[in-house]
Amino acid sequence: MDKSITVLGLGSGDPDQLTLGNWKKLQSATHVFVRTEHHPMMTLLQDEGIAYTSFDSLYEQHDDFPEVYRTITDRLIALAGEHGNIVYAVPGHPMVAESTVQQLRQRCGEAGIALHITGGESFLDQAFTRLGFDPIEGFQLLDSSGMSSSWLQPQLHTVIGQVYDVFTASDVKLVLMELYPDDYEVVVGHALGVQGEEQIIRVPLYELDRVEGYGNLSLIWVPRSDDEQLRNRTFARLHEIVGILRSPEGCPWDQEQTHQSIRKNLIEEMYEVLETIDDDDPIHMQEELGDVMLQVMLHSQMEEEVGTFTVYDVIQTLNEKLLFRHPHVFGDQSAGDASEALKNWEQMKAEEKQRKGLDQGVTSVLDGVPRDLPGLMKAYKLQKKAAKVGFDWEDLNGVYSKIEEEFAELKQAVANGDSHDEQIGELGDLLFAVVNAARFIDADPEEALTRTNRKFTSRFHYIEDQLRINGKSFDQTDLLEMEKWWQAAKRQ
């Protein structure tokens, strides 16, 4: 017995828009099944005496739409096996927002079932007509389920389908508000093209979930915009601006820059970010993080110009690294705490090196510490790596003894009048030993010194304030008086 499923579209809901071919198929079919009875065309089928069976009961039996659609597909394949030839009618166009049709396309072949799909007017046809925009201007269709702000492109007309209820509309509103202003005008369309049921409602974005009447035939239209403020909230615009700055028609200063010429800028911008973090200043942090991002964009743009990589390659590499190094999040491993997560991270780093063909036999335990890190930070990282293979003090007492030893050697070098280089060497040894103490008490030496720098600055400012209050300058005071104010500052 030949087996086939003919899928046809019922159109957007206006009987006059149902194609003649689909109407003939419905009239001649022996077995007609519809995904849902909640569609205006069902009245026509009932009036004309066309019997059908709907799958509406399945929506009540399952917890989510994907399971409903899988079950419908299973039923249709089984029914084709039972009856031979069946007709499956769906709202709109079968190839627009119809998950069951996509599943049938994947499964019918292996089940030995011929699949025939005939079109129909989709809700998009009515959207173009009733809302009055031309998709050639730039258009995207999004599903309200699982929407992300990263999908949004303000220069494109955006139609959001399957907005079944006010809760879905609320979810859509929250996503749109990540890019669009609260008062941006959006349009809600209910039953577009269906006589007596159509509603077109224009509302500011913040009122999107206050509109009544959401249902199976509802959509949301977000008109395209060339508003610079909207474009400036997109990564694509940032990429475009940096490209223009570096172009022959761009900024002379930006054109002349090289990796080396702006190398120091990246370091400076990072320290400015750290300052906003220390000051708990989110407003300035936002600005400074942007400056860091600009440095990334400029270096990436320079490489894009010579064809080595683009910023999108940078993003891809980062994404792949994050996915690979977090098997406890994106894979089948687990991590009960931060320590286990870090262990997974290090394990995956080692595996990465193997995949890249790096010979583990000729690598060093100390590999991976950036050459140009600030001294204290680099010493801290070197010591941590060495400690992982057992090259470490047993406890803090050993560290204290080492500090005392290095301090004595520094004093001896100075007392003996050793060369400047030798004295610097002894000072470096002392600082390196002190970093060990920081590591043993689980303190970042850079952070510890930064705190002391802030403390010193605050207390010294107090001395300056006292001098001003007393009408004095530094050449009118002495160390004894400044020490008195220093002690007072410590009590503040």
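The values are calculated or read from the model by the stated rules, or taken from the named source; none is laboratory data. All values reported here derive from a predicted model rather than from experimental measurement. Ideal geometry is used to build each Cβ from the backbone, glycine not excepted, and the neighbour counts take in all protein chains shown.
Within segment 380-393, residues that are closer than 13 Å to F432 by Cβ sit with their Cβ atoms under 6 Å from residues that are in a loop (DSSP other than H, G, I, E, B) and of a type outside the set (F, W, Y), at 6+ positions apart or across chains, in these pairs: K381/V369; L382/L366; L382/V369. Of all residues in segment 249-266, those being touching a residue at least 40 places away in the same chain (Cβ under 8 Å) and assigned to a helix (DSSP H, G or I) number 1.
Being in a helix (DSSP H, G or I) and touching a residue at least 12 places away in the same chain (Cβ under 8 Å) is the filter; apply it to segment 20-41 and report the residue that is nearest to G196 (Cα to Cα). So, considering only residues that are in a helix (DSSP H, G or I) and touching a residue at least 12 places away in the same chain (Cβ under 8 Å), the one nearest to G196 (Cα to Cα) is M41. For segment 95-116, the criterion of being in contact with a His (Cβ under 6 Å, 6 or more places away or on another chain), buried (at least 17 other Cβ atoms within 10 Å of the Cβ) and closer than 22 Å to V163 by Cα is met by none of the residues.
Of the helices (runs of 4 or more DSSP H) lying entirely inside segment 279-360, the ones with 1 or more residues being of a type in the set (F, W, Y) are found at 311-325, 327-330, 338-355. Selection within segment 412-447: residues that are among the hydrophobic types (A, V, I, L, M, F, W, C) and in a loop (DSSP other than H, G, I, E, B). The member of this set that is surrounded by the most Cβ atoms within 10 Å (Cβ to Cβ) is A443. Put simply, of E394, E409, E404 the only residue that is farther than 30 Å from K264 by Cβ, assigned to a loop (DSSP other than H, G, I, E, B) and either acidic (D, E) or not assigned by TED's automatic domain parsing to the domain that holds E268 (or both) is E394. Counting residues in segment 364-384 that are under 30 Å from the mean Cα position of the chain (by Cα) and in a helix (DSSP H, G or I) gives one or more.
Filtered by the rule that a residue be touching an Asp or Glu at 6+ places or on another chain (Cβ under 8 Å) and in contact (Cβ under 8 Å) with a residue 40 or more places away in the chain, segment 301-339 gives a lone residue, V311. Of all residues in segment 129-164, those being hydrophobic (A, V, I, L, M, F, W, C) and surrounded by fewer than 19 Cβ atoms within 10 Å (Cβ to Cβ) number 8.
Here A338 passes the criteria (1) hydrophobic (A, V, I, L, M, F, W, C); (2) out of contact with any helix residue (DSSP H, G or I) (no Cβ under 7 Å at 6 or more places or on another chain); (3) surrounded by 11 or more Cβ atoms within 10 Å (Cβ to Cβ) except the one numbered (3). Filtered by the rule that a residue be loosely packed, with under 12 Cβ neighbours inside 10 Å and at pLDDT below 90, segment 62-83 gives D63, D64.
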